[in-house]
Amino acid sequence: MVKQFTLLVALILFVVIANAQKYPNMAPRPPMGWNSWNFFDCRVTEANIKRMADAMASNGMKEAGYEYIVIDDCWQKSRDKDGYIVADKVKFPSGIKALADYVHSKGLKFGIYSDAGLQTCQKRPGSAGYEDKDAQRYAEWGVDYLKYDWCNTGGMTAPVQYSKMRDALYRAQRPIVFSICTGGDAQPWLWGDTVGQLWRSTQDIQDRFATGHGVMKIFDEMSRIRIYNKPNAWNDPDMLQAGNIGLNETQSRTHFTLWCMMSAPLMAGNNLLLMEPAILKILTNKKAIAIDQDKLGIPCFLWANANGIEAWLKPLADGGYAVCFLNRSKQHATLHFNWQQQVMDPDYKKTYNIDGGYTVFDIWHNKELGSTKESITSTIKGQDVLFVLLKKQ
Ligand code: GAL
């Protein structure tokens, strides 16, 4: 009898623990893709999602590593009599399954959006109380990525609500990247690691550079939580605004550089069909992307401040470093910098000795700049960066 009871307890524990987990190793590198929100807002439709998938599959982005096409808010309409979610038939006449199949046929992955509360931020049906039904549908449709928002959640507790959906996804038996989106509420960096693969750490990014809640503000907020970033558990500073009208080419390049320096998820948020060639070149720069995707996933830290130019350092898995010299001002500034220094990472408490034994490669100008034996002198335009890769010789 005692033995049977022990077995029963063990079985119950096994079922609970087996359910209470996220899918392992789903995002060893920061996820890359495109999301509809920053450009299309609520005007998202089946036709424009297909066009974005076509563009990503043929313009070099797919080869550069972008893989997810994510529909954000506004695809949902109601629930049917059994409680299953119903897509807006006017915007998505062929249905979500057909759209997922289309995206997959382009060799890409498909993402969708819901909300942990009663309604999404745009007042569509939320998933609270319907976690299993929604997860089941996503699995049937072939969803690969779920962005899960935090609107209309009065009285609810974020780790509890997010864990419910994590468990529902697990029960639905399709590996789906789970993107937590509390906009920084409830400090997801403290609990998100066991629940999802990435978590939005700040309020929404605005289509601005140095004002409001734009690129620079978010970059500064993120540096305070860099220690929580690691493979399969990424701080998410929000989708890219590169290529949208609020940023010029220089600002877009700086924005992209900073996101790569942070090992941030790279979710393009512009219209991929209207993109200038210069923006496409930025988004697909292989060396910049390799820095973002470096397997250590250590975000940059502030190394030095010289003549108004900040030097940010990111250690890389091969023993090299990425360095971003950032000129925040609107005026040109001249950099004189001596490479050979001992550098202490203030959060990880690690010391790096940068000696003369590294080559220096300028990523955006695609040229060698000698080695760390010599000091570097360079003029950096206002709001621009000098983005370099140091490689052990
Ligand atoms: C916000 C979220 C945005 C977008 C929007 C949709 O809460 O942070 O990225 O998803 O909701 O309504």
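The values are calculated or read from the model by the stated rules, or taken from the named source; none is laboratory data. Every value quoted in this text rests on a predicted model; they were computed, and no experiment measured them. Backbone-built Cβ (ideal geometry, glycine too); neighbour counts: all protein chains shown.
Is it fair to say Lys77 is surrounded by fewer than 22 Cβ atoms within 10 Å (Cβ to Cβ), within 16 Å of the ligand (Cβ to nearest atom) and farther than 21 Å from Asp144 by Cβ? The answer is yes for Lys77. If only one of Lys314, Lys330 is on the phi < 0 side of the Ramachandran plot and surrounded by 13 or more Cβ atoms within 10 Å (Cβ to Cβ), which one is it? The match here is Lys314.
Can you tell me how many residues in region 218-251 are free of Cβ contacts under 8 Å to residues at least 12 places away in the same chain and basic (Lys, Arg)? So the count comes out to 1. Residues in region 225-239 that are away from the ligand (no atom under 12 Å from the Cβ), more than 13 Å from Asp292 (Cα to Cα) and not basic (Lys, Arg): Ile225, Ile227, Tyr228, Asn232, Ala233. Answer yes or no as to whether Arg208 is over 16 Å from the mean Cα position of the chain (by Cα) and without any contact (Cβ under 8 Å) to a residue 24 or more places away in the chain. Criteria not met by Arg208.
How about region 179-194: which of its residues are under 23 Å from Asn35 (Cα atoms) and either buried (at least 24 other Cβ atoms within 10 Å of the Cβ) or within 14 Å of the ligand (Cβ to nearest atom) (or both)? Passing the criteria: Ser179, Ile180, Cys181, Thr182, Gly183, Gly184, Asp185, Pro188, Gly192.
Quick grid of which residues meet (1) part of a loop (DSSP other than H, G, I, E, B); (2) surrounded by 16 or more Cβ atoms within 10 Å (Cβ to Cβ):
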position	(1), (2)
Ala55	no, yes
Gly83	yes, no
Val86	no, no
Ser94	yes, no
Leu99	no, yes
Ile112	no, yes
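Selection of helices (runs of 4 or more DSSP H) fully inside region 178-292 by the criterion of at least 1 residues being at negative phi and acidic (Asp, Glu) returns 215-222, 249-261, 286-292. Reported count of residues in region 227-240, each being of a type in the set (D, E, K, R), over 12 Å from Thr202 (Cβ atoms) and surrounded by 20 or more Cβ atoms within 10 Å (Cβ to Cβ), is 0. Exactly one residue among Gly356, Gly297, Gly308 is modelled with pLDDT of 95 or more and at positive phi, and that residue is Gly297. Could you check how many residues of region 120-134 are part of a loop (DSSP other than H, G, I, E, B), under 24 Å from the mean Cα position of the chain (by Cα) and either in contact (Cβ under 8 Å) with a residue 60 or more places away in the chain or away from the ligand (no atom under 13 Å from the Cβ) (or both)? The total comes to 2. The criterion of being among the hydrophobic types (A, V, I, L, M, F, W, C) and within 22 Å of Glu221 (Cα to Cα) does not hold for Ala317. Summed over region 195-211, residues that are within 15 Å of the ligand (Cβ to nearest atom) and not basic (Lys, Arg) total 10. Please indicate, with yes or no, whether at least one residue in region 301-312 is touching a Phe, Trp or Tyr at 6+ places or on another chain (Cβ under 9 Å), within 16 Å of Arg29 (Cβ to Cβ) and away from the ligand (no atom under 16 Å from the Cβ). No: zero hits. The residue that is farthest from the ligand (Cβ to nearest atom), counting only those in region 168-177 that are surrounded by fewer than 20 Cβ atoms within 10 Å (Cβ to Cβ) and at negative phi, is Arg171. Of all positions in region 145-156, none carries a residue that is basic (Lys, Arg), in contact with a strand residue (DSSP E or B) (Cβ under 9 Å, 6 or more places away or on another chain) and away from the ligand (no atom under 16 Å from the Cβ).
Identify all residues within region 101-110 that are part of a helix (DSSP H, G or I) and surrounded by 24 or more Cβ atoms within 10 Å (Cβ to Cβ); write none if there are none. Once the filter is applied, which keeps residues that are part of a helix (DSSP H, G or I) and surrounded by 24 or more Cβ atoms within 10 Å (Cβ to Cβ), region 101-110 yields only Val103. For region 259-293, the set of residues classified as touching a residue at least 40 places away in the same chain (Cβ under 8 Å) and among the β-branched types (Val, Ile, Thr) consists of Ile282, Thr284, Ile289, Ile291, listed by residue number.
Looking only at residues in region 60-74 that are in contact with a Phe, Trp or Tyr (Cβ under 7 Å, 6 or more places away or on another chain) and part of a loop (DSSP other than H, G, I, E, B), the one that is surrounded by the fewest Cβ atoms within 10 Å (Cβ to Cβ) is Asp73. So, in region 29-53, exactly how many residues are among the hydrophobic types (A, V, I, L, M, F, W, C), within 16 Å of the ligand (Cβ to nearest atom) and not in a helix (DSSP H, G or I)? Of the residues in region 29-53, 3 are among the hydrophobic types (A, V, I, L, M, F, W, C), within 16 Å of the ligand (Cβ to nearest atom) and not in a helix (DSSP H, G or I).
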